[in-house]
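Enquirer: Quick one: structure below, then a few questions.
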Amino acid sequence: MNILLTGGTGFIGQRFLQYLTILEHSVHVLSRDHVKNYRTIYCDFLKDTIPEELFSSNSIDTVFHLAGFSHDMRDADKIAGLYYKVNVGATVQLANLAVKSGVKKFVFVSSVKAGGAPPIGTCANEKDQKETEDVYGKTKREAELKLLEIGRVSGMHVSIIRPALVYGPDVKGNLQSMLSGIERGWFPPLPEIGNRRSMIHVDDLVQAILLVAEEKRANGEIFIATDGVPHSSREIYNVMCGVIGKPVPKWSVPKIFFDIASLMSPRIKYKINKLLGDECYSSAKLEALGFKAEKSLKDMNETDF
């Protein structure tokens, strides 16, 4: 394939680039920063308009759009415009330019957040569409809907992947903070409460992204991607102890302490819900295409392809 990739400097994008190189695809990267060893077209979605000539001399047939705006520490409501500019505006502009240039396939990496909160007590699937909780989820959902319409009208193959929480070598964000906290001794041993949280190894996610680009049945569809096995927060904690070579504590902080802390402020309650709540999703639809996760949480630091 002749590929254009966005988000190549991110956690998922860097791993994806390694795969594409091994598979000997021709890759161009659209990025605000130089990506070493790859042809880079410079564009900052927050500041720049995507150049009209992007596809004119590159013979691109497939776009993998991984870039997005997320996890900003500022009040999301105050910077909602930035989320819309990148997650919706840039996505739609890129897709329209792709159509204009005859690109055959467009794969968008969205988020399970685009589907809203999972129903209580069940693992959500693609049909369980609820009102999204925050501006990040709202913008990802709006981008999904606009892309599907662009694909329907133009005939361009459009497929959408909604990854659950992604883990793997050099993971970023909350999982990295948790790993660091356990290693330094300030992150408390979590109670086993039987909650269920869906996750996926970055290498399995890469395989899922490639699958929906190649599979005709994926055209015009949304797919949730998980490793197929929900994990409790305590299980995640225990695995992380093993990853960094620390013994697993035989004790845990009682859940009542977290319940009491939740009463202190809405912000603390939100963080504890993120830590101990359910967030379960089903990837049965993706598995019906032939996807099968090869790695599990214990392979968090696995570096072999």
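Enquirer: For Y42, Y281, Y84, what's the largest-to-smallest order of accessible area, 1.4 Å probe?
Expert: Working: Y42 130, Y281 20, Y84 85 Å².
Solvent-accessible surface, decreasing: Y42, Y84, Y281.
Enquirer: Give the label of the value calculated from the structure for Rg/Rh (Cα atoms, Kirkwood Rh), choosing from [x] 1.11; [y] 1.24; [z] 0.97.
Expert: Evaluating Rg/Rh (Cα atoms, Kirkwood Rh) on these atoms matches [z].
Enquirer: Run the lone-cysteine check on the chain: no other Cys C-beta under 4.7 Å from the residue's C-beta.
Expert: So far as the 4.7 Å Cβ criterion goes, C43, C241 stand without a partner in the chain.
Enquirer: For the Cα atoms of the chain, what angle does the longest principal axis make with the long axis of helix 11-22, in degrees from 0 to 90, nearest 10?
Expert: 50 degrees
Enquirer: Please report how many Lys pairs in the stretch 178-305 have alpha carbons closer than 18 angstrom, counting only residues at least 8 apart along the chain or sitting on separate chains.
Expert: Working: K216/K285; K216/K292; K246/K298; K255/K269; K255/K271; K255/K274.
Taking the stretch 178-305 as the scope, the lysine pair count is 6.
Enquirer: Name the long-range amide H neighbours of A225: under 5 Å, sequence gap of 5 or more, or other chain; modelled H, no Pro or chain starts.
Expert: R162, A164
Enquirer: What relative contact order, as a whole-number percentage, does the chain give when Cα pairs under 8 Å and 6 or more residues apart are counted? Mind dumping the intermediate values first?
Expert: Working: 525 pairs, mean separation 52.8, N = 305.
RCO, the chain: 17 percent.
Enquirer: Ignoring ligands, DNA and RNA, what percent of the accessible area of the stretch 172-305 is carbon or sulfur (1.4 Å)? Write out the running numbers ahead of the final one.
Expert: Working: 3910 of 7120 Å².
C and S fraction of accessible area: 55 percent.
Enquirer: Could you tell me the center-to-center distance, by alpha carbons, between the stretch 1-80 and the stretch 233-302 in angstrom?
Expert: Each part reduced to its Cα centre gives a spacing of 30 Å.
Enquirer: Under a GNM of the chain (C-alpha, springs under 10 Å), which listed residue has the highest mean-square fluctuation: V153, V171, V35?
Expert: V153
Enquirer: Follow-up. Working from Cα positions, state the angle (0 to 90°, nearest 10) between the long axis of helix 266-276 and the longest principal axis of the chain.
Expert: 90 degrees
Enquirer: How far apart, in nm, are the 7 Å Cα→Cβ label points at I244 and K216?
Expert: Distance between label points: 5.0 nm.
Enquirer: Let me ask you something else. Under a GNM of the chain (C-alpha, springs under 10 Å), which listed residue has the highest mean-square fluctuation: A284, A208, A80?
Expert: Result for the chain, Cα springs under 10 Å: A80 fluctuates most.
Enquirer: Now for a separate question. Compute the helix-to-body angle for 233-243: its Cα long axis versus the longest principal axis of the chain, expressed 0 to 90° and rounded to tens.
Expert: Helix 233-243 sits at roughly 80 degrees to that axis.
Enquirer: Using a probe radius of 1.4 Å on heavy atoms only, what accessible surface per residue do you get for the chain? Whole Å² is fine.
Expert: Details: 15110 Å² over 305 residues.
Heavy-atom accessible area per residue stands at 50 Å².
Enquirer: Then there's this: Sum up the charges of everything whose Cβ sits under 14 Å from the Cβ of C43, counting Lys and Arg as +1 and Asp and Glu as -1, but leave C43 out. Don't skip to the end; give the middle numbers.
Expert: Details: positive: R32, R39, K47, K85; negative: D33, D44, D48, E52, E53.
Net charge around C43: -1.
The values are calculated or read from the model by the stated rules, or taken from the named source; none is laboratory data. Remember, it's a predicted structure, so these values are computed and weren't measured experimentally. Positions of Cβ are generated from backbone atoms using ideal geometry, with glycine treated the same way; all protein chains shown enter the neighbour counts. For accessibility, only protein heavy atoms count, side chains too; no ligands or nucleic acids. Shrake-Rupley method; radii C 1.70, N 1.55, O 1.52, S 1.80 Å.
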